[in-house]
Each structure stands twice: as structure tokens, then as C-alpha cells.
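S.K.: Mind looking over this structure? Questions follow.
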Amino acid sequence: MDRFDRTERWLHWANATLVGVLVFTGAVLYSGELSSILGRRAFFKEIHVIAGLCLPVPFLLALPGRRGRGLRRDLGVLNRFSADDVRWLRSRGGDRTVRLGKFNPGQKLNTAFVGAALVTMLATGLVLRFFNPFPLAWRTGATFIHDWTALGLALAITGHVWLAVSDPDALGGMVSGTVPAGWARRKRPRWYEEQQGPAVSEEPAGSAVPGP
Amino acid sequence: MPIVESMDGTPIGRRVFLGLAAFGVSGIVWGSKAAGLMEHLLGPIAVKDGSGLLGLLPTGRFRIYSVTGNLPDRAPGNWRLEVGGLAGMPYSIGFDELLGLPAVELTKDFQCVTGWRVPQVRWKGVRLADVIDQAVPQAGAAAVEFESFDGAYTETLTLEQARRGDVIVAYELDGKPISSAHGGPVRLYVAPMYGYKSLKWLQRITLVAQPRPGYWEQQGYDVDAWIGRSNGRSDTPA
């Protein structure tokens, strides 16, 4: 079953690459030990700044026009929390009677958090890099926010990667763009039905569903 | 073809996103207050923490700044300090000779004017007073200019400030040689003032009658940078 179109996958991996570079170079700049092993601090700082400035570019390329339709639709889906989503959150994902749509509420919250964190990192990073026009206290504030947000972001990314690796079918959705129908029916029943039309969901499990 | 997923449900995601982003970005303005509070709360714990885990948290740690955009690097063997200007006996001294002079140790908080504070940093070096007096300042000398071998960073102290016991020419930080990132092999450590006065990558000391403003002073920072009594800040003295 089609899950993510070409634009969405491209955006995901372009952004992941940039964030990966930012996390690595950021860790080097942040950690005294890593810096002293690797040296070349100025080089890592340069890379960090360039990657940071590039951060909005994939979004700006992916969002507009026809090619961004799937992405914009999915953002709309990520925005909305159904009654089932709220029950899922209340039960911390334990309620088996919940019928989830394309994304689980954890993914929705993660999107909101990571998105906000990236905006925050970019804004505070700009103040840190181009500090001259700003009052001294802003530089202090930006340092503080940049550091703690980085920590939160690192935790969110770790969780995201961990969950993706422990569910290869879901990960495959972001790699090839498709997921097995069985996965969709089990994990995202409401999305599965919407994709197949209600008639298909009445059929017995498995084989009736055509491949991508 | 797939039908678009029904758009029911409450639009929470965008609100969470916008709320968090506004919170984070506005932190540029309120973050300095929160940072002060955090250093105050976590600083003392981080010092006693044996696991080193708290050392990973963004509190009580050095941030590395350089004014030229790269880190100047000089091996101790190639390093020399020139002491001159209004001096009866200008001289220069190598790294090993500096280590031969009477050493002093200072353990104090390192306070940056941008707000961060590293608790209980151990410095070892030579009193700046000794280094200056060896050059025999002339009667007209009233201040001292410092130059870094990065070619840009300069600082100044009055002669009176330079002769304080808690102002040293440092070559050890927390029991180790000072790394290039921290301003090594030899830097200034001016304990009672904000970090920018503690010039990194020291290579020249010049006795003068009237000092030219240093690098950060030209950016608008106070010349007399007493911790808690300058730059509009109210930190506890180190």
C-alpha cells in the first residue's frame, strides 16, 4: 500500500541528513572530549552553521505546488486528533480497541515537537551566529534555549529511530514508500479502510489486496 | 485510488507546534533569566556528581568562543611571551622558563558575561605581577595591554588591577595543560572579572601610559569588567 509519496520521502531523508550532520557537528562543538579528539573546531563550526542555514530549504522545496500535495495532506492529518487518538494517549498506547488513522498520536505529537524544536534551533542558532545586533542577554538566552532544545531533540530523534528500527514495515514505508497491507490493517485500521474503501475491509485477511 | 483520510478530529497538532515554537523562540528573550536560575540550581549538584552524567547537561560548562573564527594553535615549544613597552628591562620568556617561575593555584568559578558559569575551575600559573615586575615598569606606566597570537584578540588592565594576587598568567586548567580551545598553551586568568578579560592565546604584554580599548571593549563591553558590578549584570562574584 502506498504510504509516502516521492516528495515526502525526499523531504524526510534530506531533512534527516541535515539534522544528522547538525547533531554530529553540534556534539563535537558541545563536548570538550570530542573536540579534543577531533580538533579542527573551526571546520566543524562552519559545517554546523551551513547545515543549519540549509535547514528550511528542503521544506521550501517540498511544500508548494502539485508535488507537495501529499505532504500538505499528511500535515493536515497530523494536525487532527480524533477521539480515538485521545483514548490512545490516555491509555499510553495500551488500548487495543482504538482504531488509528494514518498516524498514531505519538507520531503527531512528535511531528509538532520536532517541527517546533527545529524552528527554535534555527532562530536561536541565528542569534548565536550573528550576535552583533542583539543585546547581550539575548545571546545568553539563545545559548540556553539552543542547548536544552538540542538535548530534547536528541532524545526525540533517538526514540524516533528506535521505534523505526523496531518496526521494519513502518520503516519501509519511508524507504520504499509502501507498507504491507497486513501491517496497515493491524496498526492503522482506519487508514487502511479509507485507502481500500469499506468494502475491502470486510474481506478476509491478506491475499485479496493487490501490491503497489 | 486512495480516498483522502477524513479530516475529523480536533486541530491540536498545529497548536502544539506553534505554542512550542513560540515558547522556544521567545526564550531568546527570557532564557537568560532561566539560565541563571538553572546554573544556580544545577551547578552545585553537577560539581558533586561523580558519574559525570550531569556533565553532559548544558549547565556549568565552558563555551568556546574565538574572535577570529578559527582556533589558533601553537605548540609550547614554539610559544614565547614578550614583555615590553614602558619597561626598564623588556624581555621574552619561553614556556619552560615560565614553568620555572613560582607557581600559584586558584580555584574559582569561571563567569562569562553571556551568562554561563563553570563552577570551581582549577587554574595554575604565574602571578601576572611577577611577570610584569621582572620587566621593571617605568614611572609613566599606568596600564597593561595584552595581545593574543590569533592576531585580533586584545585586552587591557590597569597596572593596579594587573598586580592583584588573583590575576595570573595560566598554563594549567583543571590539572592539565590548557588546550587550544581554552586559550592554551598560555592565557590570562583575571579571576575577579568576566571571562572576556582573561585573554586567550597570550603572546605579548605591553606596559603603556594610556591603553587602547581591547577587542570586546570595542564591541561595547565594559573596560572594568568586575563580576556582578559591570555590563549591567548582577552575578555573584567568583
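S.K.: Give the residue from A:182, B:116, B:26 lying farthest towards the positive end of the charge dipole for the protein assembly as shown; charges sit on Cβ (+1 for Lys and Arg, -1 for Asp and Glu) and the dipole is referred to the Cα centre.
M.R.: A:182
S.K.: On to the next question. What relative contact order, as a whole-number percentage, does the range A:1-141 give when Cα pairs under 8 Å and 6 or more residues apart are counted?
M.R.: Values: 84 pairs, mean separation 28.9, N = 141.
Reported as a whole number, the value is 20 percent.
S.K.: Okay, next question. Remind me, relative contact order of chain B in percent, using alpha carbon pairs under 8 angstrom and six or more residues apart? Mind showing how you got there, number by number?
M.R.: Details: 420 pairs, mean separation 45.0, N = 238.
Answer for chain B is 19 percent.
S.K.: Could I ask something else about it? R0 = 45 Å: FRET efficiency of residue A:24 with residue B:89, Cβ-based, nearest 0.05? Spell out each step's value before the answer.
M.R.: Numbers: r = 52 Å, r/R0 = 1.15.
Calculated value: 0.30.
S.K.: Still on this structure, I have one more. In degrees from 0 to 90, rounded to the nearest 10, what is the angle of the helix A:69-79 Cα long axis to the longest principal axis of chain A?
M.R.: 90 degrees
S.K.: Okay, moving on. Using just the alpha carbons, could you tell me how many Å³ per residue the convex hull of chain A encloses? Let's see the in-between values first.
M.R.: Values: hull volume 32.7 nm³, N = 212.
Here the figure is 154 Å³ per residue.
S.K.: Which stretch or stretches of the range A:73-111 have amide N atoms under 15 Å from the point lying 7 Å from residue B:15's Cα along the Cα→Cβ direction?
M.R.: In the range A:73-111, the label zone of residue B:15 (backbone N under 15 Å from the point 7 Å along Cα→Cβ) covers A:79-83, A:86, A:109.
S.K.: Still on this model: With angles folded into 0 to 90 degrees, how steeply does helix B:13-48 sit against the dominant principal axis of chain B? Use alpha carbons for both and round to 10.
M.R.: 40 degrees
S.K.: Roughly to the nearest percent, how much of the accessible area of chain B is carbon and sulfur, given a 1.4 Å probe?
M.R.: 56 percent
S.K.: I've got another one for you. Can you list the residues of the range A:117-139 that have at least 10 square angstrom less accessible area with all protein chains present than in their chain by itself, probe 1.4 Å?
M.R.: At a threshold of 10 Å² (probe 1.4 Å), the residues of the range A:117-139 that become less exposed are A:119, A:120, A:123, A:124, A:127, A:131, A:132, A:136, A:137, A:138, A:139.
S.K.: How far is it, in nm, from the label point at residue A:91 to the one at residue B:68 when both lie 7 Å from their Cα along the line to the Cβ?
M.R.: With each label point 7 Å from Cα toward Cβ, the separation is 6.4 nm.
S.K.: Shifting gears a bit: What are the trypsin sites (Lys or Arg not before Pro) within the range B:106-183 that DSSP puts in a loop, where the Cβ has at most 12 other Cβ atoms within 10 Å? Provide the component values of the computation, followed by the final result.
M.R.: Values: sites: B:108, B:117, B:122, B:124, B:127, B:163, B:164; in loops: B:163, B:164.
Within the range B:106-183, no trypsin sites (Lys or Arg not before Pro) qualify (loop, at most 12 other Cβ atoms within 10 Å).
S.K.: Using only Cα atoms, tell me the angle between helix A:136-165 and the longest principal axis of chain A; keep it within 0 to 90° and round to the nearest 10.
M.R.: Between the helix axis and the principal axis of chain A, the angle is about 30 degrees.
S.K.: Can you give the average number of partner chain beta-carbon atoms within 10 Å of each beta-carbon in peptide A:68-80, as a whole number?
M.R.: On the way: counts 0, 0, 1, 0, 0, 3, 1, 3, 6, 6, 4, 10, 10.
Averaged over the peptide's residues, the number is 3.
S.K.: I've got another one for you. Mind listing the Cα extents of the range B:81-143 along all three principal axes, in Å, largest one first?
M.R.: Sorted largest first, the three principal extents are 40, 27, 15 Å.
S.K.: What is the calculated FRET efficiency for residue A:83 to residue B:41, with r their C-beta to C-beta distance and R₀ = 45 Å, to the nearest 0.05? Walk me through the numbers before you get to the answer.
M.R.: Details: r = 40 Å, r/R0 = 0.90.
The pair residue A:83/residue B:41 has a calculated efficiency of 0.65.
S.K.: Hey, another quick one. Report the Cα-based extents of the range A:36-156 along its three principal axes, largest first, to the nearest Å.
M.R.: Per principal axis, max minus min of the Cα coordinates gives 53, 36, 34 Å.
S.K.: Can you send over the carbon and sulfur percentage of the accessible area for the range A:73-204, probe radius 1.4 Å, protein chains only?
M.R.: Details: 4190 of 6500 Å².
Here carbon and sulfur together make up 65 percent of the probe-accessible area.
S.K.: What does the convex hull of the Cα atoms come to per residue for the protein assembly as shown, in Å³?
M.R.: Details: hull volume 70.6 nm³, N = 450.
Measuring per residue, one finds 157 Å³ for the Cα hull of the protein assembly as shown.
S.K.: I've got another one for you. Over chain B, what per residue volume does the convex hull of the Cα atoms give, in whole Å³? Kindly include the intermediate steps, with their values, before the conclusion.
M.R.: On the way: hull volume 45.8 nm³, N = 238.
So the per-residue Cα hull volume is 193 Å³.
S.K.: A further question on this structure: Need one number: nm distance between label points at residue B:26 and residue A:69, each 7 Å from Cα along Cα→Cβ, rounded to one decimal.
M.R.: Each label point lies 7 Å from its Cα, and together they span 3.9 nm.
S.K.: Based on alpha-carbon centroids, what's the gap between the range B:74-90 and the range A:133-160 in Å, whole number please?
M.R.: Spelled out, the Cα-based centre of one part sits 41 Å from the other.
S.K.: Using only alpha-carbon positions, what ratio does the radius of gyration of the range A:95-171 give when scaled by 2.2 N^0.38 Å? Could the numbers behind the result be given before it?
M.R.: Values: Rg = 17.0 Å, N = 77, 2.2 N^0.38 = 11.5 Å.
This ratio for the range A:95-171 stands at 1.48.
S.K.: Related question: Per DSSP helix of 4 or more residues, -39500 (n - 2.57); summed, then divided by the residues of chain B. What does that give at 222 nm, rounded to the nearest 500? The partial results should precede the final answer.
M.R.: Numbers: 5 runs with 56 residues, N = 238.
For chain B, the value works out to -7000 deg cm²/dmol.
S.K.: Give me the summed buried accessible area for the B-A pair, 1.4 Å probe, to the nearest 100 Å².
M.R.: Details: alone 13130 and 13350 Å², together 22460 Å².
Interface between B and A: roughly 4000 Å².
S.K.: Rg/Rh for the range B:126-180 to two decimals, with Rh computed the Kirkwood way over all alpha-carbon pairs. If you can, show how the numbers build up before the last one.
M.R.: On the way: Rg = 12.7 Å, Rh = 12.6 Å.
Checking Rg against Rh, the ratio lands at 1.01.
S.K.: Tell me, what is the per residue accessible area of the protein assembly as shown in Å², probe radius 1.4 Å? Don't skip to the end; give the middle numbers.
M.R.: Working: 22460 Å² over 450 residues.
The answer is 50 Å² per residue.
The values are calculated or read from the model by the stated rules, or taken from the named source; none is laboratory data. Predicted model only: the values in this text are computed from it and were never measured. Positions of Cβ are generated from backbone atoms using ideal geometry, with glycine treated the same way; all protein chains shown enter the neighbour counts. Each accessible area value is taken on the protein alone, full model and side chains, heavy atoms only, with ligands, DNA and RNA left out. Shrake-Rupley method; radii C 1.70, N 1.55, O 1.52, S 1.80 Å.
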